[in-house]
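Below is one structure, written out as structure tokens; the observations come after it.
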Amino acid sequence: MTTSTGTDWAAWQESWDRQQEWYMPDREERFRIMLDMVEALVGNAPRVLDLACGTGSITARLLARFPEATSTGVDLDPALLAIARGTFEGDDRVSFVTADLKDPDWPTALPYDSYDAVLTATALHWLHSEPLAALYGQVAGLVRDGGVFMNADHMIDESTPRINAAERAQRHARMDQAKQGGALDWAEWWQVAAQDPVLAEPTARRFEIYGEHADGDMPSAAWHARVLREKGFAEARPVWCSPSDTLLLAVK
């Protein structure tokens, strides 16, 4: 969709997807399983909170599969939110909120007090374990009884160092191959965004907020499941994994 700014938001979404897939070739599979579990546990017309939504990647797939769903996207990144807002402009099923998930009051900015599902992917690893645990407590307060939380992200099991090293070496070799074929990495994608007349200013603000790259933690899936149960969820376990990533599902 090209808006009055002359910006082709669909092209930016596609560009973001390709950049993310360079890191995660199985990204669409994790989204599919995420939405399978949404349907299994809360039905096909859920009210969803897209947590640390970025460009709205989860929201786009949610609405394509479940046209009666609604979504609230929350993020702090002005550039990615600009792409999200441009993409979904005029769609009354979608709203976006600018908020810092490290601010204890961020839930007060949301349009609803409770959600059927809170979904996030490849985003919360920029938080350290202590603020992440605090965030999980807030998420538990937002999910209705019987509702779900899902986090798809890098979750590293430190008890398997040889497996981890071998997996990482193979993954990076494949990424190097793709790079030779012209794939953009994260830093290069942002360089392109900084040159776009509409995204240049929000991109500059984005780097003022975050710096070059966040330095968070990547605890194991077992840690995530344990903390989610401690914070108020009744059940939590992985429902999908790749050699490097896990989709963890918690039910209130």
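What to note about this one:
- Computed from the C-beta positions of ASP26 and ASP92 and an R0 of 35 Å, the FRET efficiency is 0.60 to the nearest 0.05.
- The chain - mean residue ellipticity at 222 nm from DSSP helices (-39,500 (n - 2.57) per run, n ≥ 4, rounded to 500): -14000 deg cm²/dmol
- Check: the chain dipole with +1 on Lys, Arg Cβ and -1 on Asp, Glu Cβ, in debye: 560
- Sites listed here are GluC sites (Glu not before Pro) in the stretch 153-203 whose DSSP assignment is loop and whose Cβ has at most 10 other Cβ atoms within 10 Å: GLU158.
- Modelled spin labels at LEU110 and ILE209, positioned 7 Å past Cα toward Cβ, are 1.8 nm from each other.
- Note that the stretch 1-97 presents 39 Å² accessible area per residue, ligands and nucleic acids not counted, probe 1.4 Å.
- Whether the stretch 9-251 is rounded, prolate or oblate, judged on the alpha carbon gyration tensor where a/c under 1.5 counts as rounded: rounded
- Counting DSSP beta bridges with both ends in the chain, the antiparallel % (nearest 5): 40
- Full-stretch length increase - ALA166, GLU235 - with 0.36 nm per residue and alpha-carbon distance subtracted: 21.7 nm
- Judged by the mean number of other Cβ atoms found within 10 Å, the most tightly packed of the peptides 82-89, 41-48 leads the ranking 82-89, 41-48.
- Taking a ≥ b ≥ c as the square roots of the eigenvalues of the Cα gyration tensor, the stretch 103-164 is classed as prolate, since a/c reaches at least 1.5 and a/b is larger than b/c.
- With both labels modelled 7 Å from their Cα along Cα-to-Cβ, the GLU188 to ARG65 distance reads 3.0 nm.
- Candidates per GluC sites (Glu not before Pro) in the stretch 200-242, loop by DSSP, up to 10 other Cβ within 10 Å: GLU212
- Global form of the stretch 157-247, assessed from the alpha-carbon gyration tensor, a/c cut-off 1.5: oblate
- Amide proton proximity set for LEU49, modelled H, under 5 Å, gap of 5+: THR72, ALA117, VAL118, LEU119
- The stretch 73-129 - percent of accessible surface contributed by carbon and sulfur, probe 1.4 Å: 46
- The aspartates and glutamates within cross-link reach of LYS102, meaning a Cα-to-Cα straight distance under 17 Å and a gap of 8 or more places when in the same chain, are ASP50, ASP75, ASP77, GLU130, GLU208, ASP215, ASP217.
- Distance from the stretch 133-182 to the stretch 32-91 (C-alpha centre basis), Å: 19
The values are calculated or read from the model by the stated rules, or taken from the named source; none is laboratory data. Just so it is clear, the model here is predicted, and its values are computed rather than measured. Cβ atoms come from the backbone with ideal geometry, glycine included; neighbour counts cover every protein chain shown. Accessible surface areas use protein heavy atoms only, side chains included; no ligands, DNA or RNA. Shrake-Rupley method; radii C 1.70, N 1.55, O 1.52, S 1.80 Å.
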